[in-house]
Amino acid sequence: PSYGSIISHGSFRSSASQNLDVSVGAGYMNLDQMDVTEMDVEVGLGEFTAFGRIGREADIECSMGNVELELEGNERDYNYDLENSMGNVNLGNENFSGLSQERYIDNGADKNINIECSMGNITVYFQ
């Protein structure tokens, strides 16, 4: 949503080949029990939170807002491509903040998370 809120309680499964494409302007979106194969999230000034599973790949872009993901599995289940301008990225127990950081983390995994953070906050936890 550009403005306003969307909150999903219960199971959320994307029906279009398990792909989720979300753009949050200045609103708020919360997904519980998410189960998707691929996810593309763009956040401007808003907030996006999701709890669940990503089967293959996630692209997360955050300008000045907040993104929080709690994913099934552990940190080593994914490879990461991180770009951070002036924002804050928390990935498991690691923090990437400050000016212009780029990092690729290859865990030899079948799943990928691509993160681009301008001046916002992105946090990824694992259960």
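Each value in this text was obtained by applying a stated rule to the coordinates, not by laboratory testing. Computed from a prediction, not measured in an experiment: that's the story for all the values here. Glycine also receives a Cβ, built like all others from the backbone with ideal geometry; neighbour counts cover every protein chain displayed.
What FRET efficiency would be calculated for the residue pair Glu68, Leu99, taking the C-beta separation as r and a Förster radius of 22 Å, to the nearest 0.05? Provide the component values of the computation, followed by the final result.
On the way: r = 23 Å, r/R0 = 1.04.
Rounded to the nearest 0.05, the efficiency is 0.45.
Just need log10 I(q)/I(0) for the chain at q = 0.12, 0.20, 0.21 Å⁻¹, Debye formula, equal scatterers on the alpha-carbon atoms, no solvent, rounded to two decimals.
Each listed q corresponds, in turn, to -0.40, -1.15, -1.26.
What does DSSP give for region 24-117 in terms of the percent of beta bridges that are antiparallel, rounded to the nearest 5? Walk me through the numbers before you get to the answer.
Values: 9 of 42 bridges.
Counting DSSP beta bridges with both partners in region 24-117, the antiparallel share is about 20 percent.
Note down the relative contact order for the chain as a percent, whole number, built from C-alpha pairs under 8 angstrom at least six residues apart. Write down the numbers at each step before the final one.
On the way: 374 pairs, mean separation 28.1, N = 127.
Once normalised by length, the contact order is 22 percent.
Nothing charged except the Cβ atoms of Lys and Arg (+1) and of Asp and Glu (-1): what's the magnitude of the dipole of the chain about its Cα centre? Round to the nearest 20 debye.
Magnitude of the dipole: close to 220 debye.
For q values of 0.18, 0.22 Å⁻¹, compute log₁₀ I(q)/I(0) with the Debye formula on a Cα-only model of region 40-110, without solvent.
For region 40-110 at q = 0.18, 0.22 Å⁻¹, log10 I(q)/I(0) is -0.76, -1.16.
Using θ = phi - 60° and the Karplus form 6.51 cos²θ - 1.76 cosθ + 1.60, what ³J(HN,Hα) does each residue of region 111-125 get, whole Hz, x for Gly and Pro?
For region 111-125, the Karplus-derived couplings read 10, 10, 10, 9, 10, 10, 10, 7, 10, x, 10, 10, 10, 10, 10 Hz, x marking Gly and Pro.
Quote the charge dipole size of region 40-105 about the Cα centre in Debye, to the nearest 20; the model charges only the Cβ of Lys and Arg (+1) and of Asp and Glu (-1). Don't skip to the answer; put the middle values down first.
Values: 4 positive and 15 negative charges, 30 e Å.
The calculation lands at about 140 debye.
Hey, can you rank 96-104, 39-47 by average C-beta count inside 10 Å, highest first? Walk me through the numbers on the way to the answer.
Working: 96-104: 12.0, 39-47: 20.2.
So the peptides 96-104, 39-47, ranked by packing, come out 39-47, 96-104.
Between Asp32 and Asp110, how high is the FRET efficiency from 1/(1 + (r/R0)^6) when r is the Cβ-Cβ distance and R₀ = 22 Å? Nearest 0.05. Write down the numbers at each step before the final one.
Details: r = 25 Å, r/R0 = 1.13.
According to the calculation, E is roughly 0.30.
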